[in-house]
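One structure is given below, encoded as structure tokens.
Values in this text are rule-based calculations from the coordinates and carry no lab data. Just so it is clear, the model here is predicted, and its values are computed rather than measured. Neighbour counts run over all protein chains shown; Cβ positions are idealised from the backbone, glycine included.
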Amino acid sequence: MTDGEALTIDDELLARARIHARDVDIAVDLGRVEWEVSTRARRRAGACRWDREREVATIILTRRAYERYDWEEFAAVVRHELVHAWEFQQFGESGHGQRFRTRAAELDAPRHCETFAEPRYVIRCLDPDCDWEAHRHRASGPVKAPGNYRCGDCGSDYEVEHVSSGRTWDSAGGYGGAKAALEEEW
């Protein structure tokens, strides 16, 4: 960096993450970890990718999550991704199974990171005695054709809400009608 150049938020994010990583009690070879910032991710706060040929883990951290979370919450995301890097380096694979859960718990890292973006759709059970709901960011099968699926808890029918408009539907035809009616707002 030369005189007059200001640090960007990405520079700050990466610097804080790297410094934090040095203090985490996990056997990760940080010399085989690369760091990136995602400006596109809308739901996930971080990711870890493994390059088998180079044996390098790349930890990708999301700027929007960094801006939205407080530091403690974001530091937990860094620890979560370090557990993935550790698994890749030690075992050549990583997931959210028992080995991951055990190591993440030791580091006070969440098994799954909280979403930092509002969902585009909310799926809700129609049974008045059931409070099941699921959030979706994409128009998946259950969003497009809810009549083909059932509540995840009680097996009843459910409806889908387009969050920004409040419009709801419980069939494929309802989805098509909502999409056509909302046009630009979709």
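Miscellaneous remarks
- Among residues other than residue 92 with Cβ under 15 Å from its Cβ, the summed charge is -1 (Lys and Arg +1, Asp and Glu -1).
- Alpha-carbon centroids, the range 1-58 and the range 159-183: separation in whole Å: 39 Å
- Taking 14, 82, 61 as the candidate residues, the one with maximal mean-square fluctuation in a Gaussian network model of the chain, Cα springs under 10 Å, is 14.
- Long-range Cα-Cα pairs in the range 3-49 (distance over 14 Å), rounded percent: 62 percent
- Against the empirical 2.2 N^0.38 Å (N residues), the chain has a Cα radius of gyration ratio of 1.28.
- Antiparallel DSSP beta bridges within the chain, as percent of all bridges there, nearest 5: 75 percent
- Relative contact order, percent, the chain [alpha-carbon distance under 8 Å, six or more residues apart]: 14 percent
- Loop-resident trypsin sites (Lys or Arg not before Pro) (DSSP state other than H, G, I, E or B) in the range 130-186 with no more than 11 further Cβ atoms inside 10 Å of their Cβ: 138.
- Gyration tensor over alpha-carbon atoms, the range 21-99, equivalent ellipsoid semi-axes in Å: 21, 14, 12
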